[in-house]
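Following: one structure in structure tokens, then a few remarks.
The values are calculated or read from the model by the stated rules, or taken from the named source; none is laboratory data. As the structure is a prediction and not an experimental result, all values here were calculated from the model. Cβ atoms come from the backbone with ideal geometry, glycine included; neighbour counts cover every protein chain shown. Ligands, DNA and RNA are excluded from the accessible area calculation, which covers all protein heavy atoms including side chains. Shrake-Rupley method; radii C 1.70, N 1.55, O 1.52, S 1.80 Å.
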Amino acid sequence: MADWNRRHTFGPGYGPHARWHGTAEVVGASWSGLMMLWLVTRDGQQERGLATGVAALLPVLRYGAFNVTLAVPGTSPYEEGGRPMRLLGLPASLVTQDALIALALVGYWLERRAARQ
């Protein structure tokens with residue numbers, strides 16, 4: 001939801017197609033989150049193992065692609081005319097997204113470890 005403001009998705013420099021992309025991103029991320037919550041509440045050992053794996057994979061697929069964009073010429077993680085925000089020497093948005101990926105993978109590892117015990 002951080003992108004839904006007057007400086008980003010609803011800013012004067014965003015055309016209808018850019019707003020369409022921004023809206024699709026927020027809706028897609030929300031639906032992915034709901035699916036992850038549904039998956040991690042599954043019962044049964046075998047079903048739960050598969051569901052946990054899929055739930056952990058969703059943030060990797062959703063947010064991992066942003067790291068790839070850094071290798072594409074002409075792209076930038078920073079808003080045009082905005083002040084670049086960095087955290088740990090990296091674009092702040094990537095650090096937060098990569099933290100979500102790391103948390104999903106740690107959660108998967110903990111779930112699998114608990115299932116073996």
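Just to be sure I understand the filter: pairs with C-beta atoms under 6 Å, separated by 6 or more residues or on different chains, first member in segment 42-57 and under 17 Å from Ser32 (Cβ atoms) and free of Cβ contacts under 8 Å to residues at least 12 places away in the same chain, second member surrounded by 15 or more Cβ atoms within 10 Å (Cβ to Cβ) and of a type outside the set (Val, Ile, Thr). Which pairs pass?
Within 6 Å, the pairs are Arg42/Arg48; Arg42/Ala51.
Just to verify a result, which residue in segment 72-95, among those that are among the aliphatic types (A, V, I, L, M) and assigned to a loop (DSSP other than H, G, I, E, B), is nearest to Arg7 (Cα to Cα)?
Met85
Got at least one residue in segment 24-41 being under 16 Å from Asp3 (Cβ atoms), open to solvent by 70 Å² or more (accessible area, probe 1.4 Å), at pLDDT below 85 and in a helix (DSSP H, G or I)?
yes
Quick grid of which residues meet (1) touching a Pro at 6+ places or on another chain (Cβ under 7 Å); (2) closer than 25 Å to Glu111 by Cα; (3) in contact (Cβ under 8 Å) with a residue 12 or more places away in the chain:
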position	(1), (2), (3)
Asp3	no, no, yes
Gly11	no, no, no
Tyr14	no, no, no
Ala24	no, no, no
Leu34	no, yes, no
Val40	no, yes, yes
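Of all residues in segment 69-117 being in contact with a Gly (Cβ under 9 Å, 6 or more places away or on another chain) and surrounded by fewer than 10 Cβ atoms within 10 Å (Cβ to Cβ), which is nearest to Asp43 (Cα to Cα)?
Restricting to residues being in contact with a Gly (Cβ under 9 Å, 6 or more places away or on another chain) and surrounded by fewer than 10 Cβ atoms within 10 Å (Cβ to Cβ), the top hit is Glu80.
Quick check on my filter: what residues within segment 42-56 are open to solvent by 50 Å² or more (accessible area, probe 1.4 Å) and in contact with an Asp or Glu (Cβ under 9 Å, 6 or more places away or on another chain)?
Passing the criteria: only Arg48.
If we keep just the residues of segment 73-117 that are modelled with pLDDT under 90 and of a type in the set (Val, Ile, Thr), which is nearest to Ser32 (Cα to Cα)?
Thr96
For Met1, which of the numbered conditions (1) modelled with pLDDT under 80; (2) not in a loop (DSSP other than H, G, I, E, B) fails to hold?
So Met1 meets the others, but not (2).
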